[in-house]
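The values are calculated or read from the model by the stated rules, or taken from the named source; none is laboratory data. None of these values were measured; they are calculated from a predicted model. Virtual Cβ from ideal backbone geometry, glycine too; neighbours counted across all protein chains shown. Accessible surface is based on the protein model in full, side chains and every heavy atom, while ligands, DNA and RNA are left aside. Shrake-Rupley method; radii C 1.70, N 1.55, O 1.52, S 1.80 Å.
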Amino acid sequence: MRTAPGLDSKTCDRARIARDPRFDGRFFTGVLTTRIYCRPTCPVKPAKSRNVVFFPTATAAERAGFRPCLRCRPETAPGTPAWNGAAATVTRALRLIERGFLDDGKTVADLADTLGMTTRHLRRLFMQHAGASPIAVATTWRVQRAKRLIDETVLPMSAIAFEAGFASVRRFNAAFRTVYRRPPTTVRRTRRGPELQVAERPR
(Lines give C-alpha, C1' and ligand atoms only; values in the text may rest on other atoms or scores of the structure.)
Protein backbone atom coordinates (compact mmCIF):
# COMPACT_ATOMS: atom_id res chain seq x y z
CA MET A 1 0.00 0.00 0.00
CA ARG A 2 1.39 3.39 -1.03
CA THR A 3 2.08 5.83 1.84
CA ALA A 4 2.81 9.54 1.79
CA PRO A 5 6.02 10.72 0.08
CA GLY A 6 8.96 10.40 2.45
CA LEU A 7 7.11 8.14 4.89
CA ASP A 8 7.19 4.36 5.24
CA SER A 9 4.58 2.10 6.82
CA LYS A 10 6.53 1.63 10.06
CA THR A 11 6.86 5.38 10.57
CA CYS A 12 3.16 5.88 9.88
CA ASP A 13 2.21 3.08 12.27
CA ARG A 14 4.30 4.53 15.11
CA ALA A 15 2.85 8.00 14.47
CA ARG A 16 -0.79 6.90 14.54
CA ILE A 17 -0.31 4.75 17.68
CA ALA A 18 1.32 7.73 19.42
CA ARG A 19 -1.28 10.14 17.95
CA ASP A 20 1.65 12.32 16.96
CA PRO A 21 0.26 15.73 15.84
CA ARG A 22 3.33 16.36 13.68
CA PHE A 23 1.96 13.83 11.19
CA ASP A 24 -1.59 15.18 11.06
CA GLY A 25 -2.49 15.67 7.40
CA ARG A 26 0.62 13.89 6.13
CA PHE A 27 -1.13 10.53 5.76
CA PHE A 28 -4.42 8.80 6.55
CA THR A 29 -4.98 5.41 8.17
CA GLY A 30 -7.50 2.93 6.79
CA VAL A 31 -8.86 0.35 9.24
CA LEU A 32 -9.57 -2.88 7.41
CA THR A 33 -12.08 -4.21 9.95
CA THR A 34 -14.36 -1.15 9.84
CA ARG A 35 -13.52 0.27 6.38
CA ILE A 36 -13.11 3.72 7.99
CA TYR A 37 -10.14 6.02 7.46
CA CYS A 38 -8.75 8.38 10.10
CA ARG A 39 -6.21 11.08 10.82
CA PRO A 40 -3.10 10.03 12.78
CA THR A 41 -4.47 11.99 15.76
CA CYS A 42 -7.82 10.16 15.94
CA PRO A 43 -8.99 9.87 19.59
CA VAL A 44 -10.45 6.39 19.03
CA LYS A 45 -8.41 3.47 20.40
CA PRO A 46 -5.83 2.59 17.71
CA ALA A 47 -6.55 -0.54 15.71
CA LYS A 48 -4.06 -3.38 15.68
CA SER A 49 -1.20 -2.84 13.27
CA ARG A 50 -2.11 -5.86 11.18
CA ASN A 51 -5.53 -4.32 10.51
CA VAL A 52 -4.43 -0.98 9.06
CA VAL A 53 -3.18 0.40 5.77
CA PHE A 54 -1.93 3.90 4.94
CA PHE A 55 -2.82 6.39 2.23
CA PRO A 56 -1.15 9.62 1.04
CA THR A 57 -4.46 11.46 0.68
CA ALA A 58 -8.08 11.25 1.80
CA THR A 59 -9.09 10.74 -1.83
CA ALA A 60 -6.86 7.68 -2.13
CA ALA A 61 -8.50 6.20 0.97
CA GLU A 62 -11.96 6.80 -0.45
CA ARG A 63 -11.02 5.28 -3.80
CA ALA A 64 -10.00 2.15 -1.89
CA GLY A 65 -13.49 1.92 -0.34
CA PHE A 66 -12.96 3.57 3.04
CA ARG A 67 -15.28 6.23 4.50
CA PRO A 68 -14.24 9.18 6.71
CA CYS A 69 -14.23 8.86 10.48
CA LEU A 70 -16.89 10.99 12.18
CA ARG A 71 -14.75 11.34 15.31
CA CYS A 72 -11.47 12.76 13.97
CA ARG A 73 -13.08 14.42 10.91
CA PRO A 74 -10.46 14.00 8.15
CA GLU A 75 -11.95 16.99 6.33
CA THR A 76 -10.47 19.27 9.02
CA ALA A 77 -6.92 17.89 8.78
CA PRO A 78 -4.14 20.41 8.05
CA GLY A 79 -3.50 21.18 4.38
CA THR A 80 -1.98 17.89 3.39
CA PRO A 81 1.74 18.55 3.82
CA ALA A 82 2.21 15.12 2.23
CA TRP A 83 1.74 16.78 -1.12
CA ASN A 84 4.62 19.21 -0.54
CA GLY A 85 7.12 16.57 -1.61
CA ALA A 86 5.30 15.87 -4.87
CA ALA A 87 6.14 17.38 -8.21
CA ALA A 88 5.73 21.15 -8.29
CA THR A 89 3.08 20.88 -10.99
CA VAL A 90 0.96 18.53 -8.88
CA THR A 91 1.28 20.79 -5.85
CA ARG A 92 0.14 23.73 -7.95
CA ALA A 93 -2.70 21.70 -9.46
CA LEU A 94 -3.90 20.63 -6.01
CA ARG A 95 -3.98 24.23 -4.87
CA LEU A 96 -5.98 25.24 -7.93
CA ILE A 97 -8.46 22.41 -7.33
CA GLU A 98 -8.78 23.35 -3.66
CA ARG A 99 -9.63 26.91 -4.72
CA GLY A 100 -12.40 25.61 -6.99
CA PHE A 101 -10.76 25.52 -10.43
CA LEU A 102 -12.89 22.53 -11.49
CA ASP A 103 -16.10 23.80 -9.90
CA ASP A 104 -17.17 26.33 -12.54
CA GLY A 105 -17.48 24.25 -15.67
CA LYS A 106 -13.76 23.92 -16.31
CA THR A 107 -12.37 20.49 -17.14
CA VAL A 108 -9.24 18.48 -16.39
CA ALA A 109 -8.08 19.42 -19.89
CA ASP A 110 -8.40 23.10 -18.93
CA LEU A 111 -6.37 22.41 -15.77
CA ALA A 112 -3.68 20.62 -17.76
CA ASP A 113 -3.55 23.47 -20.25
CA THR A 114 -3.13 25.97 -17.42
CA LEU A 115 -0.22 23.92 -16.12
CA GLY A 116 1.34 23.57 -19.57
CA MET A 117 1.07 19.82 -20.04
CA THR A 118 -1.11 17.16 -21.61
CA THR A 119 -4.17 15.83 -19.84
CA ARG A 120 -2.71 12.32 -19.92
CA HIS A 121 0.52 13.43 -18.25
CA LEU A 122 -1.39 15.35 -15.56
CA ARG A 123 -3.50 12.29 -14.75
CA ARG A 124 -0.36 10.15 -14.55
CA LEU A 125 1.28 12.59 -12.12
CA PHE A 126 -1.84 12.65 -9.94
CA MET A 127 -1.99 8.86 -9.72
CA GLN A 128 1.71 8.80 -8.81
CA HIS A 129 1.67 11.52 -6.15
CA ALA A 130 -1.92 11.78 -4.89
CA GLY A 131 -3.15 8.24 -5.48
CA ALA A 132 -6.22 9.51 -7.32
CA SER A 133 -7.34 11.36 -10.44
CA PRO A 134 -7.89 15.15 -10.54
CA ILE A 135 -11.66 14.67 -10.71
CA ALA A 136 -11.63 12.36 -7.68
CA VAL A 137 -9.55 14.88 -5.74
CA ALA A 138 -11.94 17.69 -6.69
CA THR A 139 -14.94 15.64 -5.57
CA THR A 140 -13.28 14.90 -2.24
CA TRP A 141 -12.57 18.60 -1.70
CA ARG A 142 -16.21 19.44 -2.44
CA VAL A 143 -17.50 16.81 -0.03
CA GLN A 144 -15.06 17.96 2.63
CA ARG A 145 -16.13 21.59 2.20
CA ALA A 146 -19.74 20.49 2.47
CA LYS A 147 -19.02 18.45 5.61
CA ARG A 148 -17.45 21.48 7.30
CA LEU A 149 -20.47 23.61 6.38
CA ILE A 150 -22.83 20.95 7.71
CA ASP A 151 -20.98 20.88 11.03
CA GLU A 152 -20.32 24.59 11.41
CA THR A 153 -23.32 26.41 9.87
CA VAL A 154 -27.11 26.30 9.76
CA LEU A 155 -27.26 26.69 5.98
CA PRO A 156 -29.88 24.53 4.24
CA MET A 157 -28.53 21.59 2.28
CA SER A 158 -29.31 23.19 -1.08
CA ALA A 159 -27.15 26.21 -0.18
CA ILE A 160 -24.38 23.96 1.11
CA ALA A 161 -24.37 21.99 -2.15
CA PHE A 162 -23.68 25.06 -4.27
CA GLU A 163 -21.37 26.72 -1.74
CA ALA A 164 -19.24 23.57 -1.73
CA GLY A 165 -18.92 23.66 -5.52
CA PHE A 166 -21.47 21.06 -6.68
CA ALA A 167 -23.39 21.76 -9.86
CA SER A 168 -26.62 20.37 -8.41
CA VAL A 169 -28.14 19.14 -5.16
CA ARG A 170 -28.55 15.70 -6.72
CA ARG A 171 -24.81 15.42 -7.39
CA PHE A 172 -24.06 16.69 -3.90
CA ASN A 173 -26.30 14.07 -2.28
CA ALA A 174 -24.87 11.28 -4.44
CA ALA A 175 -21.24 12.21 -3.74
CA PHE A 176 -21.87 12.65 -0.03
CA ARG A 177 -23.59 9.27 0.24
CA THR A 178 -20.74 7.63 -1.63
CA VAL A 179 -18.18 9.00 0.83
CA TYR A 180 -20.07 8.82 4.14
CA ARG A 181 -22.48 5.95 3.35
CA ARG A 182 -25.38 8.08 4.62
CA PRO A 183 -27.23 11.24 3.53
CA PRO A 184 -25.97 14.67 4.64
CA THR A 185 -29.11 15.35 6.70
CA THR A 186 -28.39 12.29 8.84
CA VAL A 187 -24.80 13.43 9.45
CA ARG A 188 -26.03 16.86 10.53
CA ARG A 189 -28.49 15.39 13.02
CA THR A 190 -25.78 13.12 14.39
CA ARG A 191 -23.20 15.84 14.75
CA ARG A 192 -25.11 18.90 15.90
CA GLY A 193 -28.42 17.90 17.47
CA PRO A 194 -32.04 19.02 17.04
CA GLU A 195 -31.44 22.80 17.00
CA LEU A 196 -30.10 22.61 13.44
CA GLN A 197 -33.04 20.50 12.33
CA VAL A 198 -35.33 23.33 13.42
CA ALA A 199 -33.18 25.86 11.56
CA GLU A 200 -33.54 23.87 8.35
CA ARG A 201 -37.32 23.62 8.37
CA PRO A 202 -39.00 25.80 5.73
CA ARG A 203 -40.95 28.74 7.09
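Tabulated data for the structure shown
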{"quantity": "Count, lysine Cα pairs under 26 Å in the chain, 8 or more residues apart or across chains", "calculated": "4"}
{"quantity": "Contour excess over end-to-end distance, with Cα ends at Ser9 and Val154 and 0.36 nm allotted per residue", "calculated": "48.2 nm"}
{"quantity": "Kyte-Doolittle mean at least -0.5 and Cα axial length at least 18 Å: DSSP H helices in the chain", "calculated": "134-152"}
{"quantity": "Efficiency of FRET from Cβ geometry, Thr91 and Ser49, R₀ 45 Å, rounded to 0.05", "calculated": "0.90"}
{"quantity": "Prolate/oblate/rounded call for region 105-147, Cα gyration tensor, a/c under 1.5 rounded", "calculated": "oblate"}
{"quantity": "Heavy-atom accessible area ranking, 1.4 Å probe, most first, across Thr11, Thr114", "calculated": "Thr114, Thr11"}
{"quantity": "Average accessible area per residue (Å²) across region 17-83 - probe 1.4 Å, nucleic acids and ligands excluded", "calculated": "43"}
{"quantity": "Mean projection area, nm², convex hull over Cα of the chain", "calculated": "11.4"}
{"quantity": "Per-residue HN-Hα couplings for region 42-59 [Karplus 6.51, -1.76, 1.60; θ = phi - 60°; Hz; x = Gly/Pro]", "calculated": "3, x, 5, 3, x, 6, 5, 4, 6, 9, 10, 9, 10, 10, x, 9, 5, 4"}
{"quantity": "For the chain, share of DSSP beta bridges that run antiparallel, in % to the nearest 5", "calculated": "70"}
{"quantity": "Relative contact order (%) - criterion: Cα under 8 Å, at least six apart; region: the chain", "calculated": "17"}
